[in-house]
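Student: First, the structure itself, so that you have it in front of you.
The values are calculated or read from the model by the stated rules, or taken from the named source; none is laboratory data. Given the structure is predicted, the values throughout are model-derived calculations rather than measurements. Ideal geometry is used to build each Cβ from the backbone, glycine not excepted, and the neighbour counts take in all protein chains shown. When the accessible area is computed, the model is the full protein with side chains, heavy atoms only, and any ligands, DNA or RNA have been set aside. Shrake-Rupley method; radii C 1.70, N 1.55, O 1.52, S 1.80 Å.
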Amino acid sequence: MRLVLVAILWIGCSSATRVRFDNHTLYRFTPKDDQAIDTLRQLEQSVGYDFWTSVNGVGMPVDILVPPQKKREIMEVVEALAVDQEILMSNIQEEIDREAGSLRAGDTFGWNSYHTIEEIYNWLRSLSTKYPKIVTLVEAGRSHENRPVLGVKVSFGKATGQRQAVWIDSNIHAREWISGAVNTYILNALLTSTDRSIRNLAERHDWYIFPVLNPDGFHYTYTTNRMWRKTRTPYGLCVGADPNRNWDYKWNQGGSSSIPCTETYAGPRAFSEACTASTSRYLGGIAKELLVYVSFHSYSQMLLLPYGHTAQHLDNYNVTYPIAVEAANSLTKRYGTRYTVGNVAETIYVATGSSMDWLKGVHHVPFAYTYELRDTGKYGFLLPADQIIPTAEETLDSVLTIVREADKISEKVL
Ligand SMILES: [Zn+2]
């Protein structure tokens with residue numbers, strides 16, 4: 001009886017502290033002129049709205065999560081502007097509840113549901129036990145709350161020479177759950193697939209796979225706030241910096257904010273965040289090995305190239321762009337999912353301080369890409385778990401295309 005009571009009290013406490021999103025509505029606003037864009041940009045820098053996608057340009061949709069108390073205000077703003085509007089999700093709490101119901105605690109690790117950081121890390125540890133000669137557990141760094149940034153190095157011992165490694169990370173943005181799920185699926189395929197072309201690529205490279213680059217934020221999305229994006233470092237009244245605006249290349253030179261309460265707060269300085277600072281030290285140490293760098297995000301279905309500070313086509317864009325187009329085409333082949341391809345600043349918006357730009361700009365990793373995975377806004381960050389496997393399958397096809405094509409180029413040039 002006492003146990004039951006304790007359990008009820010515990011459940012009560014934990015649900016009492018969980019942030020709820022009752023009647024928070026996801027709107028899509030499509031600006032039709034420059035004035036509408038300017039006004040939406042001002043809103044983006046204010047506190048109280050959660051921009052799920054950023055303001056890009058005329059005709060480009062902007063998805064904004066609006067709490068009930070702000071609906072009247074935003075309607076007054078947009079109705080005075082040239083803006084098309086639609087409702088993508090009227091009450092996202094319903095979607096959060098549906099997703100929570102699909103989580104299966106204690107279930108064996110798989111891709112029919114999303115997993116907590118403990119489950120993901122335990123699975124990584126189990127792989128290093130199961131494949132002791134192939135899988136090495138790597139702690140790339142530590143977070144503000146002292147969680148490890150845990151990943152694995154997969155090596156079949158056949159990689160030779162420099163620039164043979166592939167790095168794939170995910171969940172630097174905490175709420176983008178599909179990114180980590182796709183990454184672990186790819187890791188599993190590298191180890192277990194019997195497909196000859198996958199085996200060939202898996203075995204000729206070293207692979208660094210880091211499913212959760214922002215462990216504190218990711219953990220917080222499970223315990224407290226499903227919509228959390230940033231780290232958990234306290235900054236005055238607000239918490240967290242955007243860990244993908246915090247890397248030391250063109251840091252805070254556009255597309256980020258100096259205001260701690262915003263979602264794109266760049267931090268007080270480059271590498272202010274424990275997880276980015278420590279992981280960057282590790283990455284810097286192995287950067288010379290890296291042929292390919294891939295970072296998974298969601299959502300929007302885009303395959304993006306450096307850089308975020310300029311729309312100019314710099315470095316080896318003429319080589320990396322056609323590969324991205326081919327990678328997007330191979331992704332489409334399986335289920336018809338369509339991706340937009342291009343330079344970050346040109347395709348979506350100016351955004352500085354990303355991990356991809358740092359790897360490319362500072363360490364000259366030849367092939368650096370960022371995926372914005374499914375979908376295009378029907379569910380956004382709340383992509384249902386039954387889409388994990390199809391998303392992972394098509395993304396695996398695409399990543400393998402990048403590695404295969406990078407190999408061809410590197411044999412000729414590097
Ligand atoms: Zn992201």
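Student: Could you tell me which numbered condition K378 fails, if it satisfies all but one of (1) of a type in the set (D, E, K, R); (2) in contact with a strand residue (DSSP E or B) (Cβ under 9 Å, 6 or more places away or on another chain); (3) surrounded by 18 or more Cβ atoms within 10 Å (Cβ to Cβ)?
Tutor: (3)
Student: On to the next question. Does P211 satisfy the criteria of being in contact (Cβ under 8 Å) with a residue 12 or more places away in the chain, over 16 Å from the mean Cα position of the chain (by Cα) and within 30 Å of T224 (Cβ to Cβ)?
Tutor: Details: in contact (Cβ under 8 Å) with a residue 12 or more places away in the chain: yes; over 16 Å from the mean Cα position of the chain (by Cα): no; within 30 Å of T224 (Cβ to Cβ): yes.
For P211, the condition - in contact (Cβ under 8 Å) with a residue 12 or more places away in the chain, over 16 Å from the mean Cα position of the chain (by Cα) and within 30 Å of T224 (Cβ to Cβ) - is not met.
Student: Same structure again: Residues that are within 16 Å of the ligand (Cβ to nearest atom) and either assigned by TED's automatic domain parsing to the domain that holds T53 or crowded, with 23+ Cβ neighbours inside 10 Å (or both): find the helices (runs of 4 or more DSSP H) completely inside region 286-375 holding 2 or more of those. Before the answer, list the steps.
Tutor: Working: elements: 317-335, 344-347, 355-361.
Of the helices (runs of 4 or more DSSP H) lying wholly inside region 286-375, those with at least 2 residues that are within 16 Å of the ligand (Cβ to nearest atom) and either assigned by TED's automatic domain parsing to the domain that holds T53 or crowded, with 23+ Cβ neighbours inside 10 Å (or both) span 355-361.
Student: Could you grab the pairs with beta carbons closer than 9 Å, sequence gap of 6+ or different chains, first residue in region 335-361 and under 20 Å from V319 (Cα atoms) and among the polar types (S, T, N, Q), second one in a loop (DSSP other than H, G, I, E, B) and open to solvent by 30 Å² or more (accessible area, probe 1.4 Å)?
Tutor: Sorted first by the residue in region 335-361, then by its partner, the pairs are T340/S300; N343/A311; N343/Q312; N343/H313; N343/L314; T347/N56; T347/A311.
Student: So how many residues does region 61-80 have that are touching an Asp or Glu at 6+ places or on another chain (Cβ under 9 Å), of a type in the set (V, I, T) and open to solvent by 10 Å² or more (accessible area, probe 1.4 Å)? Step through it out loud before you land on a result.
Tutor: Filtering region 61-80 for residues touching an Asp or Glu at 6+ places or on another chain (Cβ under 9 Å) gives 61-62, 64-68.
Checking which are of a type in the set (V, I, T) leaves us with 62, 64, 66.
So of that shortlist, the ones also open to solvent by 10 Å² or more (accessible area, probe 1.4 Å) come out as none.
Going through region 61-80 one residue at a time, the tally reaches 0.
Student: Looking at region 250-280, which of its residues are among the hydrophobic types (A, V, I, L, M, F, W, C) and part of a loop (DSSP other than H, G, I, E, B)?
Tutor: Just the residues of region 250-280 that are among the hydrophobic types (A, V, I, L, M, F, W, C), to begin with: 251, 259, 261, 266, 270-271, 274-275, 277.
Answer for region 250-280, where residues must be among the hydrophobic types (A, V, I, L, M, F, W, C) and part of a loop (DSSP other than H, G, I, E, B): W251, I259, C261, A266, A270, F271.
Student: What about C275, is it away from the ligand (no atom under 16 Å from the Cβ) and not acidic (D, E)?
Tutor: On the way: away from the ligand (no atom under 16 Å from the Cβ): no; not acidic (D, E): yes.
Spelling it out, it is not the case that C275 is away from the ligand (no atom under 16 Å from the Cβ) and not acidic (D, E).
Student: Testing Y249 on (1) within 30 Å of I388 (Cα to Cα); (2) surrounded by fewer than 23 Cβ atoms within 10 Å (Cβ to Cβ), one condition comes back false. Which one is that?
Tutor: The single condition Y249 does not satisfy is (1).
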